[in-house]
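Input: a single structure, listed below in structure tokens.
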Amino acid sequence: MVLIQQVFQTLLGIFVLESDETSLAQVFADHPGRVQDLAQKVAGLTISTLGMSKGTHLLRLLGPKFANWLYWWGIPSVQFVWACFVMDAWEYALHRAFHESRWLYNNFHSHHHRLYVPYAFGALYNHPFEGFLLDSAGAAISAAASFMTIRQTIVFFTFSIMKTVCDHGGYAFPPWLDPLHLIFPNTAEYHDVHHQMQGLRYNYSQPFFIHFDVLFGTRMSAEKFAKMKKVNQKFKKSFKDANGSSEEKVVSNEKSLPESIRRRGKENGNDASPDDIVLAQGKNGDPTVTLNGETYRAKAGIAT
Ligand SMILES: [Zn+2]
Ligand SMILES: [Zn+2]
């Protein structure tokens, strides 16, 4: 599957994204002339906003190389960050849809979730349809929405694949070894929660930031997840002790759990605490089980 995805991405690159004419025109464009134009625009805007004396003072402080820096680094950096945001929005919406729709999950996304313990090579272990829609089309749309040149898309695509591989690497490296974890809150540890059976309904965000999880109450930190599992074990034990039954009936209640968590999240202005989640589920449910039997089998690869 990983290889099929590589073939798809290569074909997409050759036949859709790559154009010799466009790339040559971009590489051999009149860059000094464009820098000159930009310098004039910056000067005009600064003086019309701040007035002649303050504007001239600021332009002197910025120095003659400012437009050059803006052209080669400033604007491309903003484009890069914007592309990350667009990609995050695309991935969150579709990734969540692939979980919320049983049909989409069973037929496509369950392939990726056969990896209970992610490893780097499995980062792109996706059904080809999902790989095309989420990763390939998502990257192409993000690059187009941020008006990137072909050289910029090469950097952006490589970086986003590197980040995805890193998130599935299975190791939470210290920041000096993996500075990406310092910059982006979406780490290997964070995505690992999503790959665990009990964490499937959390941490949909990928691959850069986690603001959509925070916004929609689906964020679960690794610490909180571990604590929730512990609280739940205690809860199950006390339930078993009280009922004297060794066969505890655990009913998955996938509809009421996320809804109650979301409601509580909104009321508190934050997401629910582990105790809240366990309490919300009540004695008939298991807060760490978020799927029914059918999707469980799909995840295990039995129904696909
Ligand atoms: Zn998923
Ligand atoms: Zn994954």
When both residues are 6+ apart or on different chains and their Cβ atoms are under 7 Å apart, which pairs have a first residue that lies in segment 1-28 and is of a type in the set (G, A, S), and a second that is at pLDDT 75 or above and surrounded by 15 or more Cβ atoms within 10 Å (Cβ to Cβ)?
-> S23/I150
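Yes or no, residue by residue, for (1) within 16 Å of ligand 2 (Cβ to nearest atom); (2) in contact (Cβ under 8 Å) with a residue 24 or more places away in the chain; (3) not acidic (D, E):
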residue	(1), (2), (3)
G74	no, no, yes
V78	no, no, yes
L104	yes, no, yes
N107	no, yes, yes
D135	yes, yes, no
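One line per residue, one yes/no per condition, for (1) more than 27 Å from Y171 (Cα to Cα); (2) within 16 Å of ligand 1 (Cβ to nearest atom):
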{"site": "K65", "(1), (2)": "yes, no"}
{"site": "N68", "(1), (2)": "yes, no"}
{"site": "I75", "(1), (2)": "yes, no"}
{"site": "Q79", "(1), (2)": "yes, no"}
{"site": "D88", "(1), (2)": "no, yes"}
{"site": "Y125", "(1), (2)": "no, yes"}
{"site": "F132", "(1), (2)": "no, no"}
Check segment 171-186 and report whether any residue there is within 14 Å of ligand 2 (Cβ to nearest atom) and more than 22 Å from S101 (Cα to Cα).
-> yes
Name the helices (runs of 4 or more DSSP H) wholly within segment 1-106 that hold at least 2 residues that are at pLDDT 85 or above?
-> 31-50, 66-69, 75-100
If you go through segment 201-212, how many residues are away from ligand 2 (no atom under 11 Å from the Cβ) and not hydroxyl-bearing (S, T, Y)?
-> 6
Can you name the condition, by its number, that L115 falls short on among (1) away from ligand 1 (no atom under 15 Å from the Cβ); (2) within 18 Å of Q5 (Cβ to Cβ); (3) of a type in the set (A, V, I, L, M, F, W, C)?
-> (1)
Does Q152 count as modelled with pLDDT under 90 and in a helix (DSSP H, G or I)?
-> no
Determine whether segment 90-102 contains at least one residue that is without any contact (Cβ under 8 Å) to a residue 40 or more places away in the chain and more than 16 Å from ligand 1 (Cβ to nearest atom).
-> no
So E130 fits all but one of (1) among the charged types (D, E, K, R); (2) outside any loop (DSSP other than H, G, I, E, B); (3) surrounded by fewer than 19 Cβ atoms within 10 Å (Cβ to Cβ); what number is the exception?
-> (3)
Within segment 137-158, considering residues that are surrounded by fewer than 16 Cβ atoms within 10 Å (Cβ to Cβ) and among the small types (G, A, S), the one farthest from ligand 2 (Cβ to nearest atom) = A144
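Listed here are the residues, each with its yes/no results for (1) in contact with a Phe, Trp or Tyr (Cβ under 9 Å, 6 or more places away or on another chain); (2) of a type in the set (A, V, I, L, M).
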{"residue": "M1", "(1), (2)": "yes, yes"}
{"residue": "D37", "(1), (2)": "no, no"}
{"residue": "A43", "(1), (2)": "no, yes"}
{"residue": "I47", "(1), (2)": "no, yes"}
Given (1) in contact with a helix residue (DSSP H, G or I) (Cβ under 6 Å, 6 or more places away or on another chain); (2) more than 16 Å from ligand 2 (Cβ to nearest atom), R60 misses just (1)
Count of segment 200-221 residues which are part of a helix (DSSP H, G or I) and in contact (Cβ under 8 Å) with a residue 40 or more places away in the chain = 4
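The values are calculated or read from the model by the stated rules, or taken from the named source; none is laboratory data. Quick caveat: nothing in here was measured; it's all calculated off a predicted structure. FYI the Cβ positions are ideal-geometry reconstructions off the backbone, even for glycines, and counts take in every protein chain you see.
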